[in-house]
Structures are given as structure tokens and as C-alpha cells.
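First the structure, in the form of C-alpha cells, and then the observations on it.
The values are calculated or read from the model by the stated rules, or taken from the named source; none is laboratory data. Keep in mind it's a predicted model, so treat the numbers as computed, not measured. Note that each Cβ is placed from the backbone with ideal geometry, even for glycine, and that neighbours are counted across all protein chains shown. Just the protein is used for accessible areas: all its heavy atoms, side chains included, with ligands, DNA and RNA removed. Shrake-Rupley method; radii C 1.70, N 1.55, O 1.52, S 1.80 Å.
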Amino acid sequence: MRRLGVIVALGALLGMFTGVLTASPALAGRGPQWQPPGGPPFTLSASYCGFKLRVAFPVNHEYTKVLHHADGSTTFLFTGAVTASYTNLQTGKTITVPENGPGKATIGADGSITEVHTGRSGFILSPADAQRFGLPTVFVEAGKLAFSVTAPPRVITSLSLDGHVLVDVCAALT
């Protein structure tokens, strides 16, 4: 997905995704350590929303900085402007949402993941995890979202949202 955080989360939850990130003025002039955005569109199965959901990024000016640590862990810092487009492939209905807010993901030497997003970010949870944490499967949130995931087989051990759900994507596209 857009940034690595979402890709990491996607791998961790089969989807994350999700965050996000808006550049602060201090980061507007990114240097050579900041990598350009990536992440092609992808489709989620109907198990998430009851219909296949296409996720694309018509605006992706997000940048990532990778920091390698002596203990074998790696930290990814995310910043920049991202707009996500969500399409119900059954009806063709689409919503487009800005998802801006910096993020930070740390992958431990053992493969565990800790990630924190602030501002607005998109997030994807498996139906079981959505039920467990009382959140929608696909949503855009505002505030601070933090989660931790074990090393493979990738189980979410904690997830907290100090903010609120802005858009329940599946409900908005039904």
C-alpha cells in the first residue's frame, strides 16, 4: 500500500496498511536518505467488506527513511502526502480520502513489528482482528494509532487508537 507501514501491516494482518502521512515543513526538502513513494494498487477479497475492494493511491508523495540499528532492528520513518481511493468493485462506487500523518515502524531483529501513526491513516484489519479490537475491517482514522505484531506468523498483540474512526470504508461503499 502506500507506504511500507501499510505493506508491513498488510503482511502482518493481510492487510494493513494502510498509514499515511503528511510532511511537516521541516521535512519538505527531503535529502538523499528519503526514498520516493511506492506501492501499487491492490484488491482485497470480499471477506473484508462483503465485496471486492480496490485500494489505489492517486496521490502518493510519501517518502520513507530507513534506519538500520546495531541490534539488528530496522526503523522506517514515513512522511508526505497520500490520498487513497477505495472502490467497491461490485457497484463501482468510489471514495477518495486524504491520509496524511507521519508514521514510524520498527521491525525487530526477530521480525516483530511495532508501528505508530499520527494524523490520518488508512488501516486494514482481518475480520477476526476487527472484531477483537472493536474496529471496522477497513477504515481511515485520525489521531494516534499504535500496534504491535509478533514475528511470523504475524499475530497482532496490541492495537490502540487514541483518536477516532473518520471513515468506515466498507460502510461508506455499501
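Please verify whether the stretch 38-48 includes one or more residues that are outside any strand (DSSP E or B), modelled with pLDDT under 70 and out of contact with any His (no Cβ under 7 Å at 6 or more places or on another chain).
yes
Identify, please: which residue in the stretch 114-149 is outside any strand (DSSP E or B) and touching a strand residue (DSSP E or B) at 6+ places or on another chain (Cβ under 6 Å) and is, among those, modelled with the lowest pLDDT?
Going through the qualifying residues, I end up with Thr118.
Go through the residues of the stretch 55-73 one by one and say whether even a single one is closer than 30 Å to Ala172 by Cα, at pLDDT 95 or above and open to solvent by 50 Å² or more (accessible area, probe 1.4 Å).
no
Mind listing whichever residues of the stretch 41-79 are in contact with a Lys or Arg (Cβ under 7 Å, 6 or more places away or on another chain) and among the acidic types (Asp, Glu)?
Glu62
Within the stretch 80-96, track down each residue that is in contact with a Lys or Arg (Cβ under 8 Å, 6 or more places away or on another chain) and hydrophobic (A, V, I, L, M, F, W, C).
Residues satisfying the conditions are Val82, Ala84, Leu89.
Starting from residues that are under 13 Å from the mean Cα position of the chain (by Cα) and surrounded by 19 or more Cβ atoms within 10 Å (Cβ to Cβ), keep the ones in the stretch 78-102 and report whichever is farthest from Thr118 (Cα to Cα).
By that ranking, first place goes to Ala84.
Taking the stretch 103-134, which residues are open to solvent by less than 30 Å² (accessible area, probe 1.4 Å) and of a type in the set (Ser, Thr, Tyr)?
Within the stretch 103-134, Ser121, Ser126 meet the criteria.
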